[in-house]
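Worksheet: one structure, shown below.
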Amino acid sequence: MRRALGTLAFLAALAVPLPALAQVNVRFVAPERYTDAAYRFGSGPPLRVTLAEMRRLFESLGNRVLAPGQSLDIDVLDIDLAGFDQPGGNVPFGLRVVNDVTPPRFRLRYALREGRRTVLSAEEAISDLNFLMRTARSSSGQTFYYERELLRDWFQARIAERRPPRN
């Protein structure tokens, strides 16, 4: 009898719907046309590595911020990495030159949903012209450091705080 009651309780617990987990869906739209997502002269990772890292970054930011039952769809329409590739430069491979006129830029289309209801959606270009003035944080040789900082700040403002983009 006890065993039967235990089994019934277990089955009843399985029948109770659990809250849906938060999820981030990232789609790269025509990445072969992106302004500058691949290091062309061997000064960094190829396009597939860049896209995989950006996907991982969006997903990890979403996992920290989104509540169960929320989902975020992000279409990445363009990527322009900080700096520019310079071939040669007395090195066997190219050299990535970063200066204050070459900030990272992204063009994104996104929709934040709670269940089936869209609570925030927009398309916007994001950039930070003052990206080199972030002296409080150190890059410590991280790949895509400036892009990470830009996307982290954008995610906090748009998704976590739900501040709409300025038009």
(message) Of all residues being hydroxyl-bearing (Ser, Thr, Tyr) and modelled with pLDDT under 90 in the range 36-52, which is surrounded by the fewest Cβ atoms within 10 Å (Cβ to Cβ)? Just the residue, please.
(response) Ser43
(message) As an exercise: evaluate Ala12 against (1) at pLDDT 70 or above; (2) surrounded by fewer than 16 Cβ atoms within 10 Å (Cβ to Cβ) and give the number of the one condition it does not meet.
(response) (1)
(request) Confirm whether Arg55 is part of a strand (DSSP E or B), open to solvent by 50 Å² or more (accessible area, probe 1.4 Å) and modelled with pLDDT of 95 or more. (result) no
(request) Just give me the residues in the range 95-112 being buried (at least 17 other Cβ atoms within 10 Å of the Cβ) and under 15 Å from Gln23 (Cα atoms), in sequence order. (result) Tyr110, Leu112
(message) Just to be sure I understand the filter: pairs with C-beta atoms under 9 Å, separated by 6 or more residues or on different chains, first member in the range 74-97 and farther than 30 Å from Ala111 by Cα, second member at pLDDT 75 or above and of a type in the set (Ser, Thr, Tyr). Which pairs pass?
(response) Phe84/Thr102
(message) Restricting to the range 65-78, give me the number of residues that are modelled with pLDDT under 95 and under 26 Å from Leu132 (Cβ atoms).
(response) 0
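The values are calculated or read from the model by the stated rules, or taken from the named source; none is laboratory data. Not measured: the values here are computed from a predicted model. Cβ: placed from backbone, ideal geometry, glycine included. Neighbour counts: every protein chain shown. Just the protein is used for accessible areas: all its heavy atoms, side chains included, with ligands, DNA and RNA removed. Shrake-Rupley method; radii C 1.70, N 1.55, O 1.52, S 1.80 Å.
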